[in-house]
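Undergrad: The structure follows.
Laboratory data are not the source of any read-out in this text; all were calculated from the coordinates shown. Nothing here was measured: the structure is a model prediction, and the numbers come from that model. Every residue, glycine as well, gets a Cβ built from its backbone with ideal geometry; the counts of neighbours run over all protein chains shown.
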Amino acid sequence: MILVAQFLKTLLSFGAQAEVTYEPMEPTEPSRGKSYRVGKGVSCLVPFLVLGVATWWTSSLRAQEAKQLNMLYVGVEANIDSVRDGAKSYEEKTGVHINIDSYPQTEWRERMFTEIAAKSPHYDIWIIDVPEGALVANHSVNLLDLILNPAVVDSKLLSPETFIPRLIVQSTYDPKHTWNPPMELQMPTYTWQGPVSMETFQKMKADGLGFYGIPFHPNVLVLAYRKDYFDNPDYQARFKTKYGYDLAPPEDWKQFVDVASFFTKSINSNSPTEYGCTLMAKKHESLYCDWRTWLGSYGVFEIGTDMVPSFNSEKGIEATQFYKDLMDKYKVVPQAAKTWTWDEVTTAFGSGLTAMAMNYHRMLLDPAIEQKGGQAGFAMVPGERQADGKITRAPHYGSYYLALNKYATHQQSAYKFIEWLASPDVQRSFAKYQFHSSRRDYYQDPAVLSKWPEYWKPFEESLEIGYSRPRLTVFRQYSETIQAEVSAALLGNKTVKQALDDAACEVIDLFKQAGYYEALHVDPYTKQPQCKH
Amino acid sequence: MKLAISYGQIRRVAPTVAYVVVLAFVVFEVFPIFWMISTSFKSRWDAFRLPPVWLFKPTLEHYFTILSGKGWATTPVLPLLINSVIVSSGSSLLALLCGSLSAYGLSRFATRYSKHLAMWILSTRMFPPVAVAIPVFLMMSNLGLIDTYWALIIPYSAFNISFVVWMMRSFFDQIPVELEEAAMIDGCSRIQAFFRIVLPLTLPGLVATGVFVLIFSWNEFLFALILTRTAAKTAPVAVADFVTLYGIQWGQLTAHATLISAPIIILGLLFQRYIVKGLTLGAVQ
Amino acid sequence: MATATIEVRSTRVSRPPVEWRPLLLSLPAIAILLIMVVYPTIFSVWTAVHQYNPMLPEMDRFVGLGNFEHAFQDRIFLDTVWRTAVFVVVAVTVEFVLGFGLAITVFYLIPRGSSLVRLALTMPMIMPPIAIGLVWRWLFDGQFGLINYAMKLMGLPPQIWLGNTTTAMGAVILVEVWQWMPFVFLCLYAGLASLASEPIQAARVDGAGPLQLLWYIVFPMLKPIILVVLLFRIIDCMRVFDIVFVLTEGGPSNGTVLYPFLIYMQGFRYFNVGYAAALSWLLVVFMSILAGLLIRMLQKGSARVA
């Protein structure tokens, strides 16, 4: 305050006369005392004070609103339109207002992070995407306490039997360490193989696991193709002559290369499209997802139960090499795909550049193309054909899930909302928004199937066999390490083997820093001796 | 300096060459913006047709969509723009006021510590906002200011003060002290001298500085994202909404970007004239 | 300003021995800066010596200089430092040469077209960086971009601009220059416009040619403005983040990661807040040293002492 007074005095002293007497330029007023000057100075501060008090007062007002829940949500990645719709219906039904803040995925992640860093109680409900799951689990409410409490749960709304079994594991974590290798290796089968029932949750509780969210809006990699071209008898005839079997959405990798070559102009000058397929090979999460789909189809798990990387095995190198060859050797994928993510893939397919593409949602074609008869068809992604004729497919999948903030206060009412929002009937009402449901019965409902049946069937089939990520507290860094190395291999800066070996060593360093090997009492260098330094 | 051709020849050719060169640069600078604005009037798929569509049927659909809030952005654009106006003008005025005062003091009264003070003020600019975001959020969260205008006005002013101080100080330095002293001998107080002599002379500098400060606050993204939720969300934050899983929504994105940029462009237009007016050298006598 | 009643007292205000007025006048500025500086500084110093991840609070521990040690052993860090240095030098040089050249050209050779030029050149700085980044990303796109289209028209082979480390870095520099060269131009133009005309007239009368005028009269008179502009551009180029974030996201295999983006990656992607804080401090220290050196260097021979 002394400083402020000094500051004002300095300002005001500029108004004082210089040392020379002169006639005043303005009518003089009787000199007032020092208190007057200070008073004037202080009165200038009053508006700021008022503003400050008002801000503080209104913010405390906001905190008192009880009949409201705050939700942090992503955007179109998890179909925000459906959720807004649902929130409105819920308010009509119960009078509880759901305030939804929606952000695109990257921004959502940053907001979540800052909120958790401050242990902020503001948001009651979060949507969580699996990569962040291991980090957020210990800041979320363990729903088992609510689900196994008969006073809270409504089993008709929760309806465990209708869940697609593989989605349950997405929000199931061991609170002691929330990180683990892919579920097939680590998590008990009842968490991902089904059938799902209340018993499942009781078993989880008995095993000391935690269930941290209700699965909501899964995504899985699905193949899209130009049905109009595939149904074209002229192309069918030509394909059969050249390759000896019928033109159809490819089931295994060999067929994939054949079909893609057929639709690549540089290989087949009659091709209506410039390229057969596209990939999302930019140094981005999309590359990681693509890469592991290929790896999974070759039967390779990225990490073993001892958390030691196993992706640089022979099969892993083969799978990655094949991915690279699609662009460089077979040339059925544009070189520009090395800078594309799932956004550009949509554009590439939609503009008619490629005959096939893989993505996590139903892709649309340019209306001009549709007018000329363009049609999009969908199928499961191809896989590796085994000796016995069976095909191993491993479409990458993940799920969002609705979780509750541990630091927030209205946990029970928040639970009632998410239980309702994820219930089968409510999810079914979102069909008009092309909602990806976590319920099996959704995909059998005739009303849902009346629109876009060509998409829902392969989508659900893919979900049932999806191949999910390892869960890591350092997932982002893990994924980016792999992205950087695989990207280097794709650009030709390293051989595939070198890139994967380097990645393995970097991942081991990362996991060591994260404390995984210490917790498991494992020496990673026995399996990867070249990484020892 | 001896040259092969005469100065006379250079003097004749120079303006034409200058025009060509300057025109080339202007086109280079303006083309992406022109492309952006024109795309906002194209239909969704025209945006990336090759060969590029120069003549097309203009459509206002994207503007209607984002104004009504039914587009990919999750809120209609008008409230966001209003927030941007409040936050930007508030922080700019605050920065200009405090910064100019400080610059005047540093310029007119040399002391032992003014160099250190100036360097300290400059150093506040060096900390990358990315690193400061979390502690600022924690601080604002504890003060209960998240999602209010103050949460953005204070950081933006703080970021800009260093710029204002250094720019205005160099502008003040150019005005000889003798002018004020002469005015004060003629009977002005220092404040009057400041307002009647110094300020008009440095007005172009003040306006230029003010414009830059405003632009920075207007376009700032990271802090606006972190420190607001819905009530105080500013326009740039919503631009990211248009990069979607379904492809980059060029029509709505460019419409939104154009709407954000328009007020600033208009402002620049107005102040350009002001700068020109203020430049009539007459005061330096 | 607070309206002060004009006191008729012709008191001689006794001057304090130390001149406090600059400090007092700077009080409001200092107050605002302190709010923003004190807590974040304490916080970031504290986290820089801890291994701190807010999502995993149970793993916090004091590591002393461990974060700094780790930085200097991290290949990505060292590459980033080098890359950022190269970026700053190249970008600022290009911006300055082009901006200064344009300012001189427009001011002396095209005075009538100047307001139009100034208006046009103001536009790039006004645009929200995100929108600009996306627009340029699209222009550079290997398949759909206009640049490659133009190359094809001219018969040149199209490049995957953002897929190759060198060209991606070039793209980042290009966008930065594109956006901020106008800043240099406008500031220098304003400087030229506010130059006193007597020295120039006098020199002309004395028979100085245009180049001599430029070098011996105009350039030295502009030194204060040039210094400030250079200083700010260098500091701002060291803080470039938006372009990298939108255009390349770190680029083909970490090839366009600039220092602030590395801090973002560590702090906001991997949540290694402690490590990110350590990196920030390294940057601040380096920038302060650099700024101090710059100011001393560029003021040699100039009348004004900071």
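Undergrad: Using modelled amide H (1.01 Å from N, peptide plane; none on Pro or chain starts), what sits under 5 Å from the amide H of A:His217, excluding residues fewer than 5 places away?
TA: A:Ser438
Undergrad: Moving to a separate point now. Where the centroid of each part is defined by its Cα atoms, how far is segment C:144-168 from segment C:40-74 in Å?
TA: Between the Cα centres of segment C:144-168 and segment C:40-74 lies a distance of 42 Å.
Undergrad: Just grab the label-to-label distance for A:Lys67 and A:Lys315, each label 7 Å out from Cα along the Cβ direction, in nm (one decimal).
TA: Between A:Lys67 and A:Lys315, the simple spin-label model gives 5.9 nm.
Undergrad: Residues in segment A:222-239 near a label at A:Arg385, defined as backbone nitrogen under 20 Å from the 7 Å Cα→Cβ point?
TA: A:223, A:236-239
Undergrad: Would you calculate the separation in nanometres between label points at A:Arg238 and A:Asn99, each defined as 7 Å from the Cα along the Cα-to-beta-carbon direction?
TA: 6.1 nm
Undergrad: Based on DSSP, what percent of beta bridges with both residues in the protein assembly as shown are antiparallel, to the nearest 5? List each step's numbers first, then the result.
TA: Values: 31 of 42 bridges.
Expressed as a percentage, antiparallel bridges in the protein assembly as shown total about 75.
Undergrad: If you take the Cα atoms of segment C:8-123, find Rg, then find the Kirkwood Rh from the mean of 1/r over all pairs, what is Rg/Rh?
TA: Details: Rg = 25.6 Å, Rh = 21.1 Å.
Answer for segment C:8-123: 1.22.
Undergrad: Another question, then. With θ set to phi - 60°, apply the Karplus curve 6.51 cos²θ - 1.76 cosθ + 1.60 along segment C:194-208 and write out the HN-Hα couplings as whole Hz, x wherever there is a Gly or Pro.
TA: Rounded to whole hertz, the list is 9, 6, 5, 8, 4, x, 5, 4, 4, 5, 4, 4, 6, x, 6.
Undergrad: Are there any trypsin sites (Lys or Arg not before Pro) in segment A:291-340 that are in a DSSP loop and have at most 14 other Cβ atoms within 10 Å? List them by number. Working shown, then result.
TA: Numbers: sites: A:Arg292, A:Lys315, A:Lys324, A:Lys329, A:Lys331, A:Lys338; in loops: A:Lys329, A:Lys331.
Within segment A:291-340, the qualifying trypsin sites (Lys or Arg not before Pro) (loop, at most 14 other Cβ atoms within 10 Å) are A:Lys329.
Undergrad: Excluding A:Asn268 itself, what net charge comes from residues whose Cβ is under 10 Å from its Cβ, given Lys and Arg +1 and Asp and Glu -1? Provide the component values of the computation, followed by the final result.
TA: On the way: positive: A:Arg238, A:Lys242, A:Lys265; negative: none.
Spelling it out: positives minus negatives among the neighbours equals +3.
Undergrad: Given contacts defined as C-alpha pairs under 8 Å and at least six residues apart, what's the relative contact order of segment B:114-199, whole-number percent? Present the calculation step by step, with values, prior to reporting the outcome.
TA: On the way: 29 pairs, mean separation 24.9, N = 86.
Relative CO of segment B:114-199 lands at 29 percent.
Undergrad: Cross-link candidates for C:Lys223: which aspartates and glutamates have Cα within less than 18 Å, leaving aside residues fewer than 8 places away along the same chain?
TA: B:Asp173, C:Glu95, C:Glu198
Undergrad: Using 0.36 nm per residue of separation minus the Cα-Cα distance, give me the extension gain between A:Ser269 and A:Thr305 in nm, one decimal.
TA: Working: separation 36, 0.36 × 36 = 12.96 nm, distance 4.90 nm.
Taking 0.36 nm per residue and subtracting the Cα distance, the gain is 8.1 nm.
Undergrad: While we're here: Which order do the peptides A:107-117, B:127-137, C:30-40 come out in when sorted by mean C-beta neighbours inside 10 angstrom, highest first? Display every interim value, and only then the final one.
TA: On the way: A:107-117: 21.7, B:127-137: 23.9, C:30-40: 18.5.
Result, highest mean Cβ count within 10 Å first: B:127-137, A:107-117, C:30-40.
Undergrad: A follow-up question, please. Which whole-angstrom value gives the distance between the alpha carbon centres of segment A:403-435 and segment A:334-384?
TA: If you average the Cα positions of each part, the centres end up 32 Å apart.
Undergrad: Using the Karplus equation 6.51 cos²θ - 1.76 cosθ + 1.60 (θ = phi - 60°), what ³J(HN,Hα) coupling, rounded to whole Hz, does each residue of segment A:335-345 give in order, writing x for Gly and Pro?
TA: The phi angles translate into 4, 4, 4, 5, 10, 10, 10, 4, 5, 5, 4 Hz.
Undergrad: Any idea what the relative contact order of chain C is, in percent, if you count C-alpha pairs under 8 Å spaced at least 6 apart?
TA: Working: 285 pairs, mean separation 80.4, N = 306.
For chain C, the relative contact order is 26 percent.
Undergrad: Follow-up question, since we're still on this one. Too long at a 32 Å Cα-Cα cut-off: which of A:Lys324/A:Lys390; A:Lys240/C:Lys152; A:Lys119/A:Lys176? Kindly include the intermediate steps, with their values, before the conclusion.
TA: Numbers: A:Lys324/A:Lys390 24 Å; A:Lys240/C:Lys152 36 Å; A:Lys119/A:Lys176 20 Å.
With Cα atoms farther than 32 Å apart: A:Lys240/C:Lys152.
Undergrad: For segment C:63-300, what class follows from the C-alpha gyration tensor (a ≥ b ≥ c being the square roots of its eigenvalues): rounded when a/c is under 1.5, otherwise prolate if a/b is larger than b/c, else oblate? Kindly include the intermediate steps, with their values, before the conclusion.
TA: Details: a/c = 2.71, a/b = 1.42, b/c = 1.91.
It is oblate, given that a/c is not under 1.5 and a/b is not larger than b/c.
Undergrad: Set the Förster distance to 51 Å, then compute FRET efficiency between A:Asp441 and A:Lys532 from the Cβ-Cβ distance, nearest 0.05. Provide the component values of the computation, followed by the final result.
TA: Working: r = 53 Å, r/R0 = 1.03.
Working from the Cβ atoms, E equals 0.45.
Undergrad: At what distance in nm do the modelled label points of A:Asp328 and C:Ala31 sit from each other, each positioned 7 Å from its Cα along Cα→Cβ?
TA: About 6.3 nm separates the two model spin labels.
Undergrad: Shielding of A:103-116 by partners, i.e. mean partner chain Cβ atoms within 10 Å per residue?
TA: Working: counts 8, 12, 4, 7, 8, 0, 3, 8, 5, 1, 11, 12, 5, 4.
Other-chain Cβ atoms within 10 Å of each residue's Cβ, averaged: 6.
Undergrad: Continuing with this model, one more query. Based on alpha-carbon atoms only, what is the radius of gyration of segment A:222-392 relative to the globular estimate 2.2 N^0.38 Å?
TA: Numbers: Rg = 16.1 Å, N = 171, 2.2 N^0.38 = 15.5 Å.
Against the empirical 2.2 N^0.38 Å value, I get 1.04 for segment A:222-392.
Undergrad: At a threshold of 8 angstrom on Cα-Cα distance, excluding pairs fewer than six apart, so keeping six or more, what relative contact order does segment B:71-279 reach in percent? Intermediate values should be presented prior to the final figure.
TA: Numbers: 208 pairs, mean separation 72.4, N = 209.
Worked out over segment B:71-279, it gives 35 percent.
Undergrad: If you don't mind, another one. Let's test the formula: R0 of 22 Å, r as the Cβ-Cβ distance of C:Val90 and C:Leu294. What FRET efficiency results, to the nearest 0.05? Walk me through the numbers on the way to the answer.
TA: Values: r = 17 Å, r/R0 = 0.77.
FRET efficiency, C:Val90 to C:Leu294: 0.85.
Undergrad: Residue by residue, what Karplus-based ³J(HN,Hα) values in Hz, rounded to whole numbers, does segment A:363-371 have, using 6.51, -1.76 and 1.60 with θ = phi - 60° and x for Gly and Pro?
TA: Once θ is set to phi - 60°, the couplings for segment A:363-371 become 8, 10, 9, 3, x, 4, 6, 5, 4 Hz.
Undergrad: What average count of beta carbons from other chains do you get within 10 Å of the Cβ of residues in A:358-369? Intermediate values should be presented prior to the final figure.
TA: Numbers: counts 0, 2, 1, 3, 1, 3, 2, 1, 5, 3, 4, 1.
Mean number of neighbouring Cβ atoms from other chains: 2.
Undergrad: I want to verify a result. In a Gaussian network model of chain C, Cα cutoff 10 Å, which of these has the top mean-square fluctuation: C:Gly113, C:Gly64, C:Gly267?
TA: Looking only at C:Gly113, C:Gly64, C:Gly267, the largest GNM fluctuation is found for C:Gly113.
Undergrad: Also: Going by average Cβ neighbours within 10 Å, how do the peptides A:444-450, C:53-59 rank, with the highest at the top? Provide the component values of the computation, followed by the final result.
TA: Numbers: A:444-450: 13.0, C:53-59: 16.1.
Answer by packing, highest mean first, reads C:53-59, A:444-450.
Undergrad: So how do A:226-236, A:394-404 stack up, highest first, on mean other-Cβ count within 10 Å?
TA: Numbers: A:226-236: 16.6, A:394-404: 26.4.
Going from most to least packed, we get A:394-404, A:226-236.
Undergrad: If you don't mind, there's one more thing I want to ask. Name the long-range amide H neighbours of B:Thr244: under 5 Å, sequence gap of 5 or more, or other chain; modelled H, no Pro or chain starts.
TA: Here the answer is B:Gln249, since their amide H atoms fall under 5 Å of that of B:Thr244.
Undergrad: Note down the net charge around A:Val486, summing +1 for each Lys or Arg and -1 for each Asp or Glu among other residues with Cβ under 13 Å from its Cβ.
TA: Neighbour charge sum, excluding A:Val486 itself: -1.
Undergrad: Skipping prolines and chain starts, which residues have an amide H placed within reach, meaning under 5 Å, of the one on A:Ile303, given they are 5 or more residues away or on another chain?
TA: A:Ser310
Undergrad: At what distance in angstrom do the alpha carbon centres of segment A:100-141 and segment B:209-236 lie from each other?
TA: 22 Å
Undergrad: Could you work out, residue by residue across B:157-169, how many beta carbons of other chains sit within 10 Å of that residue's beta carbon, and then give the average as an integer?
TA: Details: counts 6, 8, 2, 1, 7, 4, 4, 1, 3, 6, 6, 0, 4.
Average per residue, whole number: 4.
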